[in-house]
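Below is one structure, written out as structure tokens; the observations come after it.
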Amino acid sequence: MRAISLFLFAAVAGCGASHTASWETKTAAAPTGGEQTARDQAVKEGDDHWAKRDDRAELEAAIASWEKAVAATPGDGETEAKLARGIYLLADGHMSFGSDGKGKYGAFENDDAGKQKYLEMHERGMAHGERALVALAPDFKKKVEAGTNMEDSIDSLDVKAVPGLYWYTTNLGKWANAQGFTTVLKYKSKIKKFIEKCMSLDEHYFYSAPHRYLGVIYAKAPAIAGGDMVEAKKHFDLSLANSPNYLATRVLWAEFYAVKAEDKEGFKRELDLVLKTADDVVPEITAETRIEKRKAQSLMAQIDEKF
């Protein structure tokens, strides 16, 4: 019986949606004349809009300005990484609530158009993350452009590439999760390897993000695919110990760990804590904190469906 299960797992893992890497498609050549000036101005405009990202229109304007910048001067890894993060925030923080912005978080009930736009946005984020990596890591660029797959190329990355690697992987993870179980299985090993690489380079990046992400991976995956609730708890605990006021960790703990552990009281406790926390508990990410509180409110409303 176990042999049959393993066979089915292998078959399912080979299915699922696929993503084409940015270096596998041709890109237009950069325009000539005044590129650096145009790039600098567009980056500054994007940064100014980003500072006001609590307003969705300002977030979208930041993305548009940064995309203008990288069109003027391709190879700007820092701005490509900003784009991967900004697009992730737009998709996960706004588009995840559906076309009208009023649906259940991540549910897309009777909203195929909203789900498709959400998926396309995360694919854009993945593409910018890939471009950040090839710009920030010349040896990585040589390998992937020569045909080596990404998983076998990341050993060439150093700490400068962490923003590109992390935001690429977060976009990939959310995209795969929305595609469904078969796509999650297809990309699970790749996602885990990339986050472990982030961990080895900077385990405290973005409020202990590598530990937070590994907590989700171990909680979400079935045991046959490497799921491990002990490991999940360990990584969530480490993320919270180092960055207790980053609310996304508590939201993800409730969404993935508590639901799988059938810990209804823990689910309520953590989401209540999120909802009672001040918006400016971490002043530099007030916009992100407000988004996490909105997710917590939506998840709390779904408690009877989840337990």
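The values are calculated or read from the model by the stated rules, or taken from the named source; none is laboratory data. Bear in mind that the values here come from a model prediction, so they are computed numbers and not experimental data. All Cβ positions, glycine included, derive from the backbone under ideal geometry; neighbour counts span all protein chains shown.
Brief remarks on what is shown
- In the range 263-289, the residues that are of a type in the set (Lys, Arg) reach residues that are outside any helix (DSSP H, G or I) with C-beta atoms within less than 8 angstrom, at least six apart or across chains, in these pairs: Lys264/Phe307.
- Screening Asp202 with (1) among the acidic types (Asp, Glu); (2) closer than 22 Å to Glu305 by Cα; (3) within 18 Å of the chain's Cα centre (by Cα); (4) surrounded by fewer than 21 Cβ atoms within 10 Å (Cβ to Cβ) gives one miss only, at (2).
Results for (1) of a type outside the set (D, E, K, R); (2) in a helix (DSSP H, G or I); (3) out of contact with any Lys or Arg (no Cβ under 9 Å at 6 or more places or on another chain); (4) closer than 24 Å to Gly101 by Cβ, shown as yes or no for each residue.
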| position | (1), (2), (3), (4) |
| --- | --- |
| Gly227 | yes, no, no, no |
| Ala232 | yes, yes, no, no |
| Val251 | yes, yes, no, yes |
| Arg294 | no, yes, yes, yes |
| Ser298 | yes, yes, no, yes |
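Here is a yes/no grid of residues against (1) touching a Ser or Thr at 6+ places or on another chain (Cβ under 7 Å); (2) more than 30 Å from Gly114 (Cβ to Cβ):
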position: Glu203; (1), (2): no, yes
position: Arg212; (1), (2): yes, no
position: Val216; (1), (2): no, no
position: Ala219; (1), (2): no, no
position: Asp228; (1), (2): no, yes
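- Residue list for the range 253-307, restricted to those being of a type in the set (Asp, Glu) and either over 20 Å from Val230 (Cα atoms) or surrounded by fewer than 19 Cβ atoms within 10 Å (Cβ to Cβ) (or both): Glu262, Asp263, Glu265, Asp272, Asp279, Asp280, Glu284, Glu288, Glu292, Asp304, Glu305
- Restricting attention to the range 138-167, the residues that are without any contact (Cβ under 8 Å) to a residue 40 or more places away in the chain and part of a loop (DSSP other than H, G, I, E, B) add up to 5.
- Verdict on Gly227 being surrounded by fewer than 17 Cβ atoms within 10 Å (Cβ to Cβ) and touching a residue at least 40 places away in the same chain (Cβ under 8 Å): no
- All of (1) within 25 Å of Arg294 (Cα to Cα); (2) part of a helix (DSSP H, G or I) hold for Pro244 with one exception: (2).
- Some residue of the range 90-106 being at pLDDT 95 or above, under 27 Å from Ala225 (Cα atoms), over 11 Å from the mean Cα position of the chain (by Cα) and of a type in the set (D, E, K, R): no
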